1. Listed residues L67, L102; which is part of a strand (DSSP E or B) and either crowded, with 20+ Cβ neighbours inside 10 Å or touching a Cys at 6+ places or on another chain (Cβ under 7 Å) (or both)?
2. Filter segment 117-133 for residues that are assigned to a loop (DSSP other than H, G, I, E, B) and within 16 Å of W68 (Cβ to Cβ) and give the result.
3. Hey, any hits in segment 2-25 for a residue that's hydrophobic (A, V, I, L, M, F, W, C), outside any loop (DSSP other than H, G, I, E, B), over 15 Å from L85 (Cβ atoms) and modelled with pLDDT under 75?
4. Mind listing whichever residues of segment 26-55 are at pLDDT below 75, buried (at least 16 other Cβ atoms within 10 Å of the Cβ) and touching a Ser or Thr at 6+ places or on another chain (Cβ under 9 Å)?
5. If H115 satisfies all but one of (1) under 19 Å from Q9 (Cβ atoms); (2) of a type outside the set (S, T, Y); (3) buried (at least 16 other Cβ atoms within 10 Å of the Cβ), what's the number of the condition it fails?
Amino acid sequence: MVSSATDYQLHQGTERKLLQQFMEQTYRELYPELTDFNSLGFWLSQFYPHAPDWWWVAGDRTPVGCLWIATAKTPPQIQLTSQILLLYVAPEHRRRGIATMLMQQAENWAKAQGHPQIGLQTLVTNQTAMQFYQHLGYTTSAAFLVKSLTN
């Protein structure tokens with residue numbers, strides 16, 4: 001029997017080390033060839049604990065999903081907005097509504113902060129994520145362009 005998001009509980013996070021582990025797992029999935037995750041510690045040192053995080057935990061209290069969100073200033077009016085820094089659900093717990101519930105938590109938090117919008121970044125090559133966010137009503141508002149300078 002496949003369980004649903006209601007079989008889990010939401011908890012406010014306090015574990016920086018656990019957050020870094022979820023960040024590393026995200027990058028392992030996106031970039032299997034990557035082995036050096038030292039730069040992720042920089043991100044954590046810049047935002048944590050100023051950016052709240054939430055965890056979906058299974059009945060045995062194992063964290064299976066993570067949301068990390070921050071307040072940022074965005075153009076064009078340079079207004080405060082919410083920015084999702086990390087959304088991750090362990091592969092064996094996907095397609096159960098956990099990511100949707102975490103995104104709802106993000107939107108509720110952003111509204112409570114009085115932010116007029118919420119944003120996030122994802123790779124355009126991650127079609128599963130792109131379709132998920134579009135299904136939730138997110139639209140593309142900018143493009144991040146890169147050019148490789150190596151052979």
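The values are calculated or read from the model by the stated rules, or taken from the named source; none is laboratory data. Nothing here was measured: the structure is a model prediction, and the numbers come from that model. Using ideal geometry, Cβ is built from the backbone for each residue, glycine included, and neighbour counts are taken over all protein chains shown.
1. L67
2. Across segment 117-133, the qualifying residues are Q121, T122.
3. Within segment 2-25, one or more residues are hydrophobic (A, V, I, L, M, F, W, C), outside any loop (DSSP other than H, G, I, E, B), over 15 Å from L85 (Cβ atoms) and modelled with pLDDT under 75.
4. Result: A51, single match.
5. So H115 meets the others, but not (1).
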